[in-house]
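A quick write-up on the structure given underneath.
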Amino acid sequence: MRRSTTAVPGNPRSNGDAQSAINRTLEEVERDYITRVLEDRAWRIEGPHGAAHLLGMNPSTLRTRMAKLGITKASQSAAGNSGN
C-alpha cells in the first residue's frame, strides 16, 4: 500500500524537512499549527471567520488548548519582534 501526502503549509513531507519534524513533539506541532491559524485569522477565535471554526472545534475548547500550550497573542508578537 502506498501513502500519499498532500501539500499542506508546514507539512514536513511537502518541504523536505522530514528529519526536523521527527524530532518535534506532538505538542510543539499542535502549538505551531494553532498559532499559524490564529495569525492567519488575525487572532479572531469565534465566528464564521474565526480560528475555532477553521480548526473544527468549539471556541472554548480552543481557548483551553491555547492556555495548555501557552499560546497568547502577546507572547507571539514579542517573539516576532525579537529580531529587531
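FRET efficiency for the pair residue 25 and residue 60, taken as 1/(1 + (r/R0)^6) with r the Cβ-Cβ distance and R0 = 22 Å, rounds to 0.35. Between residue 36 and residue 74, the distance separating the two model label sites (each 7 Å from Cα on the Cα→Cβ line) works out to 2.7 nm.
No lab work stands behind these numbers, since they all come straight from the coordinates. Everything quoted here is computed from the prediction, not taken from an experiment. Backbone-built Cβ (ideal geometry, glycine too); neighbour counts: all protein chains shown.
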